[in-house]
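K.L.:
My questions will all concern the structure given below.
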Amino acid sequence: MNITSTALLALAMSTDAFAAAIGKGAALQKPKLSEALRMGLIFGIIEAITPLIGWAIGRAATQYVVAWDHWIAFTLLLILGLRMIYEGLQVDESVEEKPTHHSFMVLAITAFATSIDAMAVGVGLAFINVNIMATAAAIGFATFTMVTIGVMLGRVLGMMVGKRAEILGGVILIGIGSYILYEHLHGLA
C-alpha cells in the first residue's frame, strides 16, 4: 500500500469517529478545546489499537487463505464501505438532553464502537503487504485530528455534516478495496 492509499484509509477510518464527534460536540454546551483534545486522544488511541488487533488475527489466518487474500481485503472493505454509506443515509430521530460533559467511559465505549470497522480493516490488511504500525499510527492520528475538529464544529454544524462525512468514508473504503483488487488482478495479467 502506498502513502496515498494509507492516507485515504486513515481518513476513511476516521470519518465515523468524526460523525460521532460532531454529535458529541453538538450535545455539549460550548465545548472547550481541552474537551475536544481529550475526546480526540481517547478516540485516536482506541482507533489506532483496533487495526493492530485485527491485523494480528488476520496474520494468524494468512497461511490458510493466501490464494484469496486480495478478495478478502476487497470484500471486507466493500462491506464496511457499504455499511458506512447506509448508516450515513439513516435519519437519527433520537432526542437527548444535553449533558454538561462526557464521561471517560461513555467516550471509550463510543470510540470502541466506531473503531470496530478499523479492526475489520486490520484483518484485511494482514493479507496484503502493508506496514501495519505506520498504518495504525496514521489511522490514530487522523482520528485524533478529525474528532478534535468534529467536537469543535459539532455545535455549529450539527449532525448532517457528520452523516455526509460517513458516506464519504464509505466511498473511500470501497475505492481502496477496488484498488487492491485491481492491483492484484493487474499484476497477474
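The values are calculated or read from the model by the stated rules, or taken from the named source; none is laboratory data. What you see is a predicted model, and the numbers here were worked out from it, not measured in a lab. Neighbour counts run over all protein chains shown; Cβ positions are idealised from the backbone, glycine included.
K.L.:
Quick one: is Ala12 surrounded by fewer than 20 Cβ atoms within 10 Å (Cβ to Cβ), under 21 Å from Asn129 (Cα atoms) and modelled with pLDDT of 85 or more?
P.N.:
For Ala12, the condition - surrounded by fewer than 20 Cβ atoms within 10 Å (Cβ to Cβ), under 21 Å from Asn129 (Cα atoms) and modelled with pLDDT of 85 or more - is not met.
K.L.:
Can you go through Ala48, Ala26, Ala12 and tell me which one is closer than 17 Å to Arg155 by Cβ and among the aliphatic types (A, V, I, L, M)?
P.N.:
Ala26
K.L.:
Then there is this: Could you look through segment 35-73, keep only residues that are small (Gly, Ala, Ser) and either within 21 Å of the chain's Cα centre (by Cα) or at pLDDT 90 or above (or both), and pick out the one that is surrounded by the fewest Cβ atoms within 10 Å (Cβ to Cβ)?
P.N.:
Ala56
K.L.:
When both residues are 6+ apart or on different chains and their Cβ atoms are under 8 Å apart, which pairs have a first residue that lies in segment 17-40 and is closer than 13 Å to Ala108 by Cα, and a second that is assigned to a helix (DSSP H, G or I) and of a type in the set (D, E, K, R)?
P.N.:
Note: pairs meeting the criteria are Ala17/Glu47; Met39/Lys24.
K.L.:
With (1) aliphatic (A, V, I, L, M); (2) surrounded by fewer than 20 Cβ atoms within 10 Å (Cβ to Cβ); (3) modelled with pLDDT under 90 as the list, and Leu107 as the residue in question, which single condition is left unmet?
P.N.:
Here Leu107 meets the rest and fails (2).
K.L.:
Just give me the residues in segment 113-136 being surrounded by fewer than 16 Cβ atoms within 10 Å (Cβ to Cβ) and in a helix (DSSP H, G or I), in sequence order.
P.N.:
Ala113, Ile116, Met133, Ala134
K.L.:
Then there is this: One residue is enough: does segment 153-168 have a residue meeting the conditions outside any helix (DSSP H, G or I) and at pLDDT below 75?
P.N.:
yes
K.L.:
For segment 1-38, which residues satisfy the criterion of being closer than 23 Å to Leu78 by Cβ and touching a Gly at 6+ places or on another chain (Cβ under 6 Å)?
P.N.:
Residues satisfying the conditions are Ala12, Thr15, Phe18, Ala19.
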